[in-house]
Amino acid sequence: MKPGTVKIGARDVVWRIINFVVAALWIVAAAFHFVDKTFQSAMPGIFLLVVGAASIVCEFYRPSAILHNCYFMWNFMGRGICKIGCVAMGYRTINYVVSGFSWFFGLLYIILWFTSFSLFPVANSGLGY
């Protein structure tokens, strides 16, 4: 395997799909932020677009710098806090739906932090933690 590529186990597919869907919803919500054509509306859109795109890219490729410096994203608590923090503010229905998904899966990840489960990237990161 090339350095940085991700080996996906059978039980990891569910979490990867959830992460991919939530990140894709962030990108969709970001697109709706640009409809108003105001700076105040565009800033959350840019944030959601960057975070959503980075989340999707990191599901398939993990540079070693990100693995070392953003280790909090490779456990349930870090992912949960990130998903709760990426709320798609706005007055459209899509923003409320995306925020609901983010909060739901963020809280689910935080609850899973207190169980005996381990999240996929730690086992596959090759860092030896």
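The values are calculated or read from the model by the stated rules, or taken from the named source; none is laboratory data. Small disclaimer: the values here were computed from a predicted structure and weren't measured. Here Cβ is always computed from backbone atoms with ideal geometry, including for glycine, and neighbour counts include all displayed protein chains. The protein model used for the area step is the full one, side chains on, heavy atoms only, and it has no ligands, DNA or RNA in it. Shrake-Rupley method; radii C 1.70, N 1.55, O 1.52, S 1.80 Å.
Points worth noting:
- Segment 38-119: relative contact order as a whole-number percent, Cα under 8 Å and 6+ apart: 30
- Estimated dipole of segment 13-125 in Debye, rounded to 20 [Cβ of Lys and Arg +1, of Asp and Glu -1, Cα centre]: 20
- Packing-based ranking of 52-65, 22-35 yields 22-35, 52-65, ordered from highest to lowest mean Cβ neighbour count within 10 Å.
- Rounded accessible area of Thr38 (nearest 10 Å², 1.4 Å probe): 70
- Kirkwood hydrodynamic radius of segment 66-113, from inverse mean 1/r over distinct Cα pairs, in Å: 11.1
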